[in-house]
Amino acid sequence: MAVPKLRSFVLDTTDAYGLAEFYRQLLGLSYRKGDEPAAGSDWLVLEPADGSWQLAFQQTDGVRPTTWPGDEVPQQMHLDTAVDSVEELDRQHERALSLGATLRFDRSDDPEEPLRVYADPAGHTFCVFVG
């Protein structure tokens, strides 16, 4: 039986270019050919070198940043990313903060699955874990 193939994950944001740039730098992605940012862009797409998936950004007027781990505004979704070691987790922690992420949860000392959860500049959560 054929099933749909997930190709793109779309994030709503009040600053499509700013959020695209955050993830471009954080994840080492590139703008999809022909989708390079221009002034006033309301839709941008990033992808890895192999083009196997896409992360898209849609301009919108109303995004409420999640308050997770509090429950006033649930996270509703989050991105999981992985690194190979605790040392790399620490290195990526510094990178994420320097790019504008906010640390929301730190479990980097967990011997089974060290991880940290961040909010991106628009308030969406993402995890970096060792695995």
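None of the figures in this text is laboratory data; all of them are computed from the coordinates on show. Remember, it's a predicted structure, so these values are computed and weren't measured experimentally. For neighbour counting, all protein chains shown are included, and Cβ atoms are generated from backbone atoms with ideal geometry for every residue, glycine included.
Here residue 73 clears all of (1) in contact with a strand residue (DSSP E or B) (Cβ under 8 Å, 6 or more places away or on another chain); (2) within 18 Å of residue 19 (Cβ to Cβ); (3) assigned to a loop (DSSP other than H, G, I, E, B) except the condition numbered (1). The number of residues in the stretch 18-56 being touching a residue at least 40 places away in the same chain (Cβ under 8 Å) and crowded, with 18+ Cβ neighbours inside 10 Å comes to 6.
If only residues of the stretch 58-94 that are of a type in the set (S, T, N, Q) and over 14 Å from the mean Cα position of the chain (by Cα) are counted, the one that is nearest to residue 129 (Cα to Cα) is 85.
Take the conditions (1) under 15 Å from residue 9 (Cα atoms); (2) hydrophobic (A, V, I, L, M, F, W, C); (3) assigned to a loop (DSSP other than H, G, I, E, B); residue 68 misses just one of them, which is (1).
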